[in-house]
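Below is one structure; the comments refer to it alone.
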Amino acid sequence: MDSVTTLQCQNLTCLSPNALTNRFCEKCGTPLVKRYLWMIGDWVRSYYRVGELIDDRYLVKQPQIVLDTKPAQAPQAPDEPPSWISLYLKLLPFHLHIPQVYGYIPSPDERLNMDIWLLEYGTIPLDETGELIYPELLPTLAEVWSQASDLRQIHWLWQMAKLWYPLQKKAMVSSLLNPSLTRVNNQLLQLLELSKDEVTTPNLRNLGAFWAGLIPTAAANIQDFLASLTQELESGDLDRPESLITILDYALQHYGRGQERTYEIFTCTDTGPLREHNEDACYPPANQAITLSNGQNPLAIVCDGIGGQEGGEIAAQLAIETLPREINQSPTTDIQVYPDSHSLVLEQAIRVTNDLISQRNDQESRQDRRRMGTTLVMAFAQAEEMYAAHVGDSRIYWITAQGCHQVTVDDDLADREVKLGYLLYRDAIQYPNAGALVQALGMSSATNLYPTVQRLIIDQDCVFLLCSDGLSDYDRVEQYWDSEILPLLQGEKTVTAVGESLLQLANQKNGHDNSTIALVYCRVVPTAETVRPLIYAEAKERIIPDLNDQDFDHRGDTYSGEEAVTAIPTPPPASSSVSSPTSPPAPTTVSTLVVVAIAVGVLGLLAAIAWQFLSRYPVSNPSISPAPVTSPTTGTTPPAPVTSPTPPNASPN
């Protein structure tokens, strides 16, 4: 069957069949996206044969693995997902680590429980012919552990620790203790599927026992550290996820000093062939490449204005002018032990910016549809960390030589319904108002704003792509990242050439909107001196006493970007003035500030934020019906693109 099965082109004006080995459509030249999916249920291993075509669509490539041969068509979805499937949907904010439900195949006999649920993982490692490199989609942690650097190994453990509490709340934390489910997708730790906890809920003692098995093949200079860490976990002396995360944060900072990072930033923007005015804005200023050396902090921003020419471009420009000023005056380098403080600084800068735009609306008596606002995506790097912040539906993608992953989750009605557990993502985006925004900067007071700030660890060459929906609509990044962005990582193109090529692509393949792009290209090299092994007692002595004085607030479901506070918060940055961002930007620097005892006040603020977050999603009927809180013109389904129209359904992963 495999020899005669074809792969359908995603271009709705084409839909031509192609050989499975093709990279581009033979007829229209559109890159062919290969979506390999995991079938839940061991029973399918023996029921379906390799090469068999299920439901006239899904080609069995390996036991429990299928290739969607008709990716242009929306997969089937149930009227109402079962409760255990809803757990995957509610964990959408953790999509970098937990697969999302792609679709399902109904049981051929209603009397039998033979429904097949399909999971998707974002980019899967493939060879040059588009075939799987690993026979079970991704390698297990144990398979690749010994080949990784000290920083990468600590990074994987840190990701597991970050997932502990949200999975524990869903009674799925045993998934992290199953060696067959803990997989690795290059820098990311991903779960193959979720496993329900048994009667006895696992605890950190079990995690310590699991990690102890990794010590013999760990990098030499972290073995003693891991031995002490796992001993404390197994003995119960270290019994809080927050403390574990903070110790691993300290280890990340320590081993991150073994690498140097340099950055190149390029931004560009264009009105597009169908619009008269450009309501987008970017920072640094467009059309100039900037190089930052090790120790400097790159900052890139993309905003997509809302409210028409008289408002959208004003809001976007206000954001571009305000955010760099606020961040430049914020204490984000002196706090070495508590990196989550950086997230609070960025969140505060976003709130200040929001209120400036909202106050401008009030001063000009703008109401309802006339209120101006803007989406936001922002990337800020500090040592080995990249902070990715967003509000709205502009996006950030994380590209390495091995894959492309969408970092952000759109603040729109479709994603909200998924997070509520009502609809599968690829079903939700079929609704006419699915792209309507549920929040944007400036539409109301910051007390009603819920920005997401995620913290990512950089340990290899990579590119962060920030873009408005003029580029990301219709799966363009998913389709073109390897042909357009990968050459930058391979040394075949400059950051300027890649940015200009992506902008041209947005206009030619979409063209329905303004398009704005920011590329942050990071190059990583080892330092001249090897980092000394970290002594566990040193980390514990510096961190644990302060942690024991804190009452931790998990902030609802601890969604990524809205994480549990695992650090002593810092005071909000004071508003001040610096040089205008319209001039060539200097490297982002920060002022020195001693952390003072204001934790109680800031934690009170966080409690209020948590309450607002928890009350954000009222119980409603399982359909996309609530009106968006932003301008009704925001996020509406765009007209058909100039060429190659496909549904605007980029993967959430």
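The values are calculated or read from the model by the stated rules, or taken from the named source; none is laboratory data. Here the structure is a predicted model, which means the values were calculated and not measured. No Cβ is skipped: glycine too gets one built from the backbone with ideal geometry, and neighbour counts run over all protein chains shown. The area values use the complete protein model at the heavy-atom level, side chains included, leaving out ligands, DNA and RNA. Shrake-Rupley method; radii C 1.70, N 1.55, O 1.52, S 1.80 Å.
Summary table below
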read-out: Filtered residues of segment 357-408 (kept if in a loop (DSSP other than H, G, I, E, B), touching a residue at least 12 places away in the same chain (Cβ under 8 Å) and out of contact with any Pro (no Cβ under 7 Å at 6 or more places or on another chain)); value: R366, R371, M372, T375, A383, E384, G392, D393, S394, A401, V407, T408
read-out: Members of segment 502-538 that are over 18 Å from D280 (Cβ atoms) and open to solvent by 30 Å² or more (accessible area, probe 1.4 Å); value: R523, V525, P526, T527, A528, E529, T530, R532, P533, I535, A537, E538
read-out: Breaking point among (1) open to solvent by less than 50 Å² (accessible area, probe 1.4 Å); (2) closer than 18 Å to G122 by Cα; (3) not in a helix (DSSP H, G or I), for Y88; value: (3)
read-out: Residue in segment 31-51 that is touching a residue at least 60 places away in the same chain (Cβ under 8 Å), at positive phi and either touching an Asp or Glu at 6+ places or on another chain (Cβ under 8 Å) or open to solvent by less than 60 Å² (accessible area, probe 1.4 Å) (or both) present; value: yes
read-out: Residue check for L53: among the hydrophobic types (A, V, I, L, M, F, W, C) and modelled with pLDDT of 95 or more; value: yes
read-out: Restricting segment 184-203 to residues that are open to solvent by 10 Å² or more (accessible area, probe 1.4 Å) and within 26 Å of the chain's Cα centre (by Cα), the residue that is nearest to V407 (Cα to Cα); value: N186
read-out: Segment 17-26 - residue that is in a loop (DSSP other than H, G, I, E, B) and over 18 Å from D475 (Cβ atoms) and, of those, least open to solvent (accessible area, probe 1.4 Å); value: L20
read-out: One residue from V101, V66, V60 being of a type outside the set (D, E), more than 27 Å from Y422 (Cα to Cα), at pLDDT 95 or above and buried (at least 16 other Cβ atoms within 10 Å of the Cβ); value: V60
read-out: Test: residue in segment 127-145 that is open to solvent by 10 Å² or more (accessible area, probe 1.4 Å), over 18 Å from Q402 (Cβ atoms) and part of a loop (DSSP other than H, G, I, E, B); value: no
read-out: Candidates S243, S174 - the one that is out of contact with any Leu (no Cβ under 7 Å at 6 or more places or on another chain) and either in a helix (DSSP H, G or I) or surrounded by 21 or more Cβ atoms within 10 Å (Cβ to Cβ) (or both); value: S174
read-out: Output for segment 503-517, where each listed residue is aliphatic (A, V, I, L, M) and touching a residue at least 40 places away in the same chain (Cβ under 8 Å); value: L503, A506, I517
read-out: Matching residues in segment 457-485 - criterion: being farther than 18 Å from D393 by Cβ and open to solvent by 10 Å² or more (accessible area, probe 1.4 Å); value: D459, Q460, D461, Y480, W481, D482, S483, E484
read-out: Pairs with Cβ under 6 Å, 6+ apart, first in segment 146-166 and touching a residue at least 12 places away in the same chain (Cβ under 8 Å) and small (G, A, S), second assigned to a helix (DSSP H, G or I) and open to solvent by less than 10 Å² (accessible area, probe 1.4 Å); value: A161/L244; A161/L248
read-out: Complete set of residues in segment 259-311 that are part of a strand (DSSP E or B), over 18 Å from A506 (Cβ atoms) and open to solvent by 20 Å² or more (accessible area, probe 1.4 Å); value: Q259, E260, T262, E264, I290, T291
read-out: Any hit, segment 55-65, residues being under 26 Å from the mean Cα position of the chain (by Cα) and part of a loop (DSSP other than H, G, I, E, B); value: no
read-out: Test: residue in segment 365-383 that is of a type in the set (G, A, S), touching an Asp or Glu at 6+ places or on another chain (Cβ under 8 Å) and open to solvent by less than 10 Å² (accessible area, probe 1.4 Å); value: no
read-out: Qualifying residue in segment 198-206 (condition: hydrophobic (A, V, I, L, M, F, W, C), free of Cβ contacts under 8 Å to residues at least 24 places away in the same chain, over 30 Å from L59 (Cβ atoms) and not in a helix (DSSP H, G or I)); value: yes
read-out: Positions within segment 487-497 being free of Cβ contacts under 8 Å to residues at least 40 places away in the same chain and under 22 Å from the mean Cα position of the chain (by Cα), in sequence order; value: L488
read-out: Residue in segment 338-352 that is open to solvent by less than 10 Å² (accessible area, probe 1.4 Å), modelled with pLDDT under 90 and not in a helix (DSSP H, G or I) present; value: yes
read-out: Test: C14 is among the hydrophobic types (A, V, I, L, M, F, W, C) and open to solvent by less than 30 Å² (accessible area, probe 1.4 Å); value: yes
